[in-house]
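These notes concern the structure reproduced below.
The values are calculated or read from the model by the stated rules, or taken from the named source; none is laboratory data. The model shown is predicted, which means the values in this text are computed figures rather than measured ones. Ideal geometry is used to build each Cβ from the backbone, glycine not excepted, and the neighbour counts take in all protein chains shown.
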There are 2 protein chains.
Amino acid sequence: MTTTRQLRETDRTRHRRLREQGSLDRDVLDAVLGAGFVCHLGVTVEGAVMVVPTVYGSDGETLYLHGSVASRSLVASPEAAVCVTVTHVDGLVLARSVFEHGVNYRSAMIHGVPRLVTDPEEKLAGLRCLTEQAAPGQWDYARRPSRKELAATSLLALSLDEAAVKLRSGPPEDGDGPDAALGLWAGVLPLRTTWGEPEPDPALPPGMAVPPHIAGSAGRAGGGQGERQQ
Amino acid sequence: MTTTRQLRETDRTRHRRLREQGSLDRDVLDAVLGAGFVCHLGVTVEGAVMVVPTVYGSDGETLYLHGSVASRSLVASPEAAVCVTVTHVDGLVLARSVFEHGVNYRSAMIHGVPRLVTDPEEKLAGLRCLTEQAAPGQWDYARRPSRKELAATSLLALSLDEAAVKLRSGPPEDGDGPDAALGLWAGVLPLRTTWGEPEPDPALPPGMAVPPHIAGSAGRAGGGQGERQQ
């Protein structure tokens, strides 16, 4: 028997509204993070909030972000509080009334002060985590970063200690209210994200086979290693 | 002959890095916004950055956001500078080296101070825009908001005047460099977002037909009216 691992509540992660959409289950957090590889990083740069899409990797304890050492959003992040949000949109909730319309989604929000990773071994491990999050098998397949490339890359580590998860699934909620008598159709229009067929670089020699770890992706749920490895 | 409409450059929207991925073409901004209905709203709440996924509508001049009057992120937004980012992930760029890996994407970032919409007529028009962005035809089909529902809804209007667009498409860029000699496969693994078959609310009477404006969605590119109406 396993015990459910719980996220701790803080002022920033407490679900104040729509509490039924909140989860404090650590495994749910892992599943949401595992199902994606692109997050939105919120950071204050020169006094203004910026929300930057960027790739991430999660090892279950730490979220890794990377970028050029010249990136303004990354340079601003170490020692500054950030918010990283990962969102999967699963469908449109089409209710009988406009007011009850909504979105089925899974979302994780992580708060914290990122740490700039300088230890060479941890830096490699973090970049491996990032690469494998989006494309499992690719770290062992592609050429790894050179010393010069590592020096040109900033890696940030953000603890998953302060995180909140929100989700909604299922049909609209006005099916047993007065609007049900309107006789309108209601339901969910699902949204699916899937990998397509690999598109070879035109610079490749003709007829080169797609490696198995990539070839097996087409048609599968896309977005991250968590869903691809099912 | 049409003149290309240009976005103005400001300190916040100037593309400093990877300038080749930046666009100042207003029509590109419209296309990116039209292809989605979920954005990430960045706002400072009680001193901390929060990045909140939420739906939006764009009429080409103004981005509309809405939420409960009790929502902390919305309540904090009027009169406070925000950043709203819309991102579409189109594929993984699998290069020969880990360093050259990347993402094909389209992203819009809008900066500004949102205005709380209080005029009843504009509020209805904004909510219509929001609803039609995700589900064209739904505003005329579903029951419109009552006076009480309108009072429970905050609508924010954010000018599109200060916006930046970034995009990347195409194969990896190390096909003509020294890594080409490694003999590794390289290319793009596309990511596709499509609408699935509508799922009727179990509370509906059996056999009720899906209305045409919803039934036609399945299999089409998902995410917003811009792509669905192609």
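Side notes on the structure shown:
- Residue within segment B:94-102 that is over 19 Å from the mean Cα position of the chain (by Cα), modelled with pLDDT under 95 and small (Gly, Ala, Ser) present: no
- Flag for A:Leu74 being at pLDDT below 90 and under 16 Å from A:Leu130 (Cβ atoms): yes
- Here A:Trp139 fulfils each of the conditions (1) more than 10 Å from chain B (Cβ to nearest Cβ); (2) at pLDDT 95 or above apart from (1).
- Residue in segment A:202-222 that is within 30 Å of A:Asp174 (Cβ to Cβ), modelled with pLDDT under 95, surrounded by 14 or more Cβ atoms within 10 Å (Cβ to Cβ) and within 24 Å of the chain's Cα centre (by Cα) present: yes
- Scan of segment A:68-89 for residues that are surrounded by fewer than 20 Cβ atoms within 10 Å (Cβ to Cβ) and not small (Gly, Ala, Ser), ordered by number: A:Val69, A:Arg72, A:Val75, A:Pro78, A:Glu79
- Segment B:85-100, subset β-branched (Val, Ile, Thr) and at the interface with chain A (Cβ under 7 Å from one of its Cβ atoms), residue nearest to B:His40 (Cα to Cα): B:Thr85
- A residue that is of a type in the set (Phe, Trp, Tyr) and under 27 Å from B:Val28 (Cα atoms) occurs somewhere in segment B:194-204.
- Yes/no for B:Leu65 being in contact (Cβ under 8 Å) with a residue 40 or more places away in the chain, crowded, with 23+ Cβ neighbours inside 10 Å, more than 30 Å from A:Gly47 (Cβ to Cβ) and of a type in the set (A, V, I, L, M, F, W, C): no
- Residue pairs meeting the criteria (Cβ under 6 Å; at least 6 apart or on separate chains; first modelled with pLDDT of 95 or more, in segment B:34-60; second part of a loop (DSSP other than H, G, I, E, B) and charged (D, E, K, R)): none
- Lone unmet requirement of (1) closer than 30 Å to B:Ile214 by Cα; (2) at pLDDT 95 or above; (3) of a type outside the set (Phe, Trp, Tyr) for A:Pro198: (1)
- Being at pLDDT 75 or above and either in a helix (DSSP H, G or I) or among the polar types (S, T, N, Q) (or both) is true of B:Asp30.
- Residue within segment A:54-70 that is more than 7 Å from chain B (Cβ to nearest Cβ) and more than 20 Å from the chain's Cα centre (by Cα) present: yes
- Number of the condition not met by A:Ala134 [criteria: (1) aliphatic (A, V, I, L, M); (2) facing another protein chain (nearest Cβ under 7 Å); (3) over 25 Å from A:Ser68 (Cβ atoms)]: (3)
- Segment B:13-62, subset surrounded by 24 or more Cβ atoms within 10 Å (Cβ to Cβ) and touching a Phe, Trp or Tyr at 6+ places or on another chain (Cβ under 6 Å), residue farthest from A:Ile110 (Cα to Cα): B:Gly57
- Pairs linking a residue in segment A:144-168 that is farther than 17 Å from A:Ser71 by Cβ to a residue that is of a type in the set (Lys, Arg) and surrounded by 15 or more Cβ atoms within 10 Å (Cβ to Cβ), with Cβ atoms under 7 Å and 6 or more positions apart or on different chains, are A:Glu162/A:Arg12; A:Leu167/A:Arg106.
- Count of segment B:38-60 residues which are under 16 Å from B:Val86 (Cβ atoms), out of contact with any helix residue (DSSP H, G or I) (no Cβ under 7 Å at 6 or more places or on another chain) and not small (Gly, Ala, Ser): 6
- Only a single item in (1) within 10 Å of chain A (Cβ to nearest Cβ); (2) farther than 21 Å from B:Ser159 by Cβ; (3) among the aliphatic types (A, V, I, L, M) is not met by B:Ile110, and it is number (2).
- Qualifying residue in segment B:123-133 (condition: within 30 Å of A:Val38 (Cα to Cα) and either at pLDDT below 95 or small (Gly, Ala, Ser) (or both)): yes
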